[in-house]
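*Asks:* Mind having a look at this structure? Questions to follow.
The values are calculated or read from the model by the stated rules, or taken from the named source; none is laboratory data. Note that the structure is predicted; figures quoted are calculated from it, not measured. Because the Cβ atoms are built from the backbone with ideal geometry, glycine has one as well, and the counts that use them run over all protein chains shown.
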């Protein structure tokens, strides 16, 4: 996983920046840390991965259209409805791999 530089005991993780963005996304890691306060990479994650602008991340509860750049969450639907997005699908694949018999055999050999 590409989460932190922990090659030495008690070494703190590096602060991830925009130069690490592609590696983070392609790493299959479900979580990442450490980020400096207000680092631009956080805005990039919000915009490109979460589809977030100035509001909470959109989801199935946003029933408005996004025509002409309008906010689909300006019209709310049933906020108890959740649909998995691309991140959830990546997490599902990671969990499937981690729980697979082949992976477990590698860990115990």
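*Asks:* Report the residue count in segment 12-33 for those that are in contact with a strand residue (DSSP E or B) (Cβ under 8 Å, 6 or more places away or on another chain) and in a helix (DSSP H, G or I).
*Replies:* 1
*Asks:* Still on this model: Name the residues in segment 67-96 that are part of a helix (DSSP H, G or I) and within 18 Å of the chain's Cα centre (by Cα), would you?
*Replies:* Those that are part of a helix (DSSP H, G or I) and within 18 Å of the chain's Cα centre (by Cα): 86, 87, 88, 89, 90, 91, 92, 93, 94, 95, 96.
*Asks:* Does residue 57 qualify as being under 12 Å from the mean Cα position of the chain (by Cα) and at pLDDT below 70?
*Replies:* Here the answer is yes, as residue 57 does meet what is asked.
*Asks:* Starting from segment 49-75, keep only residues that are at positive phi and surrounded by 13 or more Cβ atoms within 10 Å (Cβ to Cβ), then list their pairs with residues that are at pLDDT below 70 and assigned to a loop (DSSP other than H, G, I, E, B) whose Cβ atoms are within a distance under 8 Å, requiring at least 6 positions of separation or different chains.
*Replies:* Final answer for the pair search is 51/57; 51/58.
*Asks:* Pick from segment 97-109 the residues that are in a helix (DSSP H, G or I) and over 16 Å from residue 28 (Cβ atoms): which of them is modelled with the lowest pLDDT?
*Replies:* Filtering first and then ranking leaves 108.
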